[in-house]
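K.L.:
Supplied in structure tokens, the structure appears directly below.
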Amino acid sequence: MPRVLMLYTGGTIGMQPSPQGYIPCAGLAERLAAHLALADPYRLPAFDVLEMQPLIDSAELMPETWNRLVAVLETHWQAYDAFVVLHGTDTMAYSAAALSFVLGALNKPVIFTGSQIPLGEPRSDALNSVVSALQLAAHPATPCEVSLAFHDRLLRGNRARKMRTQGLDAFDSPNFPWLAELGIGISFPQPSALLSGKPNFAPIEVDDEAVAVLPLHPGMSLRRAKALLADKTLKGLVLYSYGVGNPLSFEGELLDALKAASERGVALLNVTQCAQGEVVQGAYATGAALNQAGVIAGSDITLEAAIAKLTVLIGQGLLGATLRKALSAPMRGECSR
Ligand code: ASP
């Protein structure tokens, strides 16, 4: 039977109530063991639990946590056959995407999971998440990639989004089929097409000034958008646009500011605000102008994966044309083209 290492980073799954609301709590391994005492030990792989320090509400997560996770994975990579990361749901899609980009090709599965209701509370989904992730970790058909298991599904990590604040089926991947469906049995509709290989464990250089998002909306301030684009610390920007990737032009002024930023070497990635579908820059004249301004069409990448991809690539030291090239194509199956 495979051996699994479970990394507990915090999140609702292990939280307990306090007068201020739920807070992350240590000692999850013991609590899990008590809850699993009745489970048939022969149906689950052997696993160890490692608690990260500090345990966090994932809303507090910064990219430094990704480096810490990668370092722990590197330390234990040879000793285990698969890895489960227990993570808060708020930023789990960002972390799963970021780790997929940092680690690159994998020869073992890394499965993120969490829960909407803490372990031990009535109707908690925590045990289901843990047991599902463990069974998937031990399953020979589970792909060697960073994935996210939640409720009844296994999703590609860099395609996943938190879609529901309340629903127990909180995650989905609207632009990509599920990797596996967990019903009475576990079915894998298609084998993963990602190449497997030895992971890269090099930490990224964290620069919290480098990446920003510019969400477009009726009534937005051109002055503020221009100030952001002119900011000298900016290295990568997600242009969060309408429909198939359309911007408002402010009679060319926003386009000019985008062009100037691109010429300064800022990587501009166009991501649609639509929950499903892809950017087609050029379907409308407004969008076509973005091609001239040096904006890269983000295909059907999610906002979370776009932010993670920019943060990781910039943190790996990519610049200028090399950065733009890496952004223009899928790295780890995060977008369709
Ligand atoms: N705020 C929590 C977190 O992301 C929410 C959760 O885990 O569901 O850590």
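No lab work stands behind these numbers, since they all come straight from the coordinates. In this text, all values refer to a predicted model and were calculated from it rather than measured experimentally. Glycine gets a Cβ as well: all are built from the backbone with ideal geometry, and neighbour counts include every protein chain shown.
K.L.:
Can you give me the long-range amide H partners of E51? Hydrogens built in the peptide plane at 1.01 Å from N, cutoff under 5 Å, separation of 5 or more residues or another chain.
P.N.:
Y8
K.L.:
Spelling out what I want: for every residue of segment 144-151, take phi, set θ = phi - 60°, compute 6.51 cos²θ - 1.76 cosθ + 1.60 (Karplus), and round to whole Hz; glycine and proline get x.
P.N.:
Result, rounded to whole Hz: 7, 8, 7, 10, 9, 9, 7, 6.
K.L.:
In nm, what is the difference between 0.36 nm times the number of residues separating E205 and S249 and their Cα-Cα distance?
P.N.:
Contour length minus Cα-Cα distance gives 12.4 nm.
K.L.:
Whole-Hz ³J(HN,Hα) for each residue in segment 195-207, computed from phi via Karplus 6.51 cos²θ - 1.76 cosθ + 1.60 with θ = phi - 60°, x for glycine and proline: what do you get?
P.N.:
Karplus-based 3J(HN,Hα) across segment 195-207 equals 5, 9, x, 7, x, 9, 10, 5, x, 8, 7, 7, 10 Hz.
K.L.:
Test of understanding: ordering I117, I314, I296 by Cβ neighbours within 10 Å, fewest first, what list do you get?
P.N.:
Ranked by crowding around the Cβ, least crowded first: I117, I314, I296.
K.L.:
Same structure, new question: Are there DSSP H segments in the chain that both extend 30 Å or more along their axis (alpha-carbon positions) and score a mean Kyte-Doolittle hydropathy of at least -1.0? List them, or say none.
P.N.:
Helices passing the filter in the chain: none found.
K.L.:
Let me ask you something else. Is there a pair in K235/K259; K108/K235; K162/K226; K259/K325 whose C-alpha atoms are over 21 Å apart, and which pairs would that be?
P.N.:
On the way: K235/K259 14 Å; K108/K235 33 Å; K162/K226 31 Å; K259/K325 17 Å.
Pairs exceeding 21 Å: K108/K235; K162/K226.
K.L.:
Measuring from centroid to centroid over Cα atoms, what is the spacing of segment 43-114 and segment 163-230 in Å?
P.N.:
So the separation of the two Cα centres works out to 16 Å.
K.L.:
Could you derive backbone 3J(HN,Hα) for segment 54-60 from the dihedral phi with the Karplus parameters 6.51, -1.76 and 1.60 (θ = phi - 60°), listing whole Hz in sequence and x where the residue is Gly or Pro?
P.N.:
Values per residue, Gly and Pro as x: x, 6, 10, 6, 5, 5, 8 Hz.
K.L.:
Would you pull out the residues with amide H under 5 Å of Q16's amide H, same chain only if 5 or more places away, H placed 1.01 Å from N?
P.N.:
I23, C25
K.L.:
Relative contact order for segment 224-337: what percent, with Cα pairs under 8 Å and sequence separation of 6 or more?
P.N.:
27
K.L.:
Out of A326, N107, T91, whose Cα points farthest toward the positive end of the dipole of the chain (charges: +1 Lys, Arg; -1 Asp, Glu; placed on Cβ)?
P.N.:
A326
K.L.:
Compute, for the chain, the length of the dipole vector about the Cα centre, with Cβ point charges of +1 (Lys, Arg) and -1 (Asp, Glu) only. Units Debye, rounded to 20. Could you put the intermediate results ahead of the total?
P.N.:
Values: 25 positive and 30 negative charges, 130 e Å.
The calculated dipole for the chain is roughly 620 debye.
K.L.:
Return the long-range amide H neighbours of I56 (sequence gap of 5 or more, or a different chain), with a cut-off of under 5 Å between placed amide H atoms.
P.N.:
G10, G11
K.L.:
Show that you can apply the helix-only estimate: for the chain, add -39,500 (n - 2.57) for every DSSP H stretch of four or more residues, divide by all residues, and state [θ] at 222 nm to the nearest 500.
P.N.:
Counting only the DSSP helices, I get -8500 deg cm²/dmol.
K.L.:
Can you give the charge dipole size of segment 176-261 about its Cα centre, rounded to the nearest 20 debye, using +1 on the beta carbon of Lys and Arg and -1 on the beta carbon of Asp and Glu?
P.N.:
Computed charge dipole of segment 176-261: roughly 80 debye.
K.L.:
While we're here: Fewest Cβ neighbours within 10 Å first, please rank R161, R264 accordingly.
P.N.:
Starting with the residue having the fewest Cβ neighbours, the order is R264, R161.
K.L.:
Find the relative contact order for the chain and round it to a whole percent, using C-alpha pairs within less than 8 Å whose residues are 6+ positions apart.
P.N.:
15
K.L.:
Where Lys and Arg each count +1 and Asp and Glu each count -1, what net charge lies around L106 among other residues with Cβ under 10 Å from its Cβ?
P.N.:
Charge balance near L106 sits at +2.
K.L.:
Turning to a different aspect of this structure: Given the C-alpha centroids of segment 315-336 and segment 238-270, what is the distance between them in whole angstrom?
P.N.:
After rounding, the separation between the Cα centres reads 18 Å.
K.L.:
Suppose every Lys and Arg Cβ carries +1 and every Asp and Glu Cβ carries -1, with no other charges. What dipole size does segment 30-109 come out with about its Cα centre, to the nearest 20 debye?
P.N.:
That gives a dipole near 220 debye.
K.L.:
Could you list Y8, Y240, Y94 so that the one with the fewest beta carbons within 10 Å of its beta carbon is first and the one with the most is last?
P.N.:
Sorted ascending by nearby Cβ count, the order is Y240, Y8, Y94.
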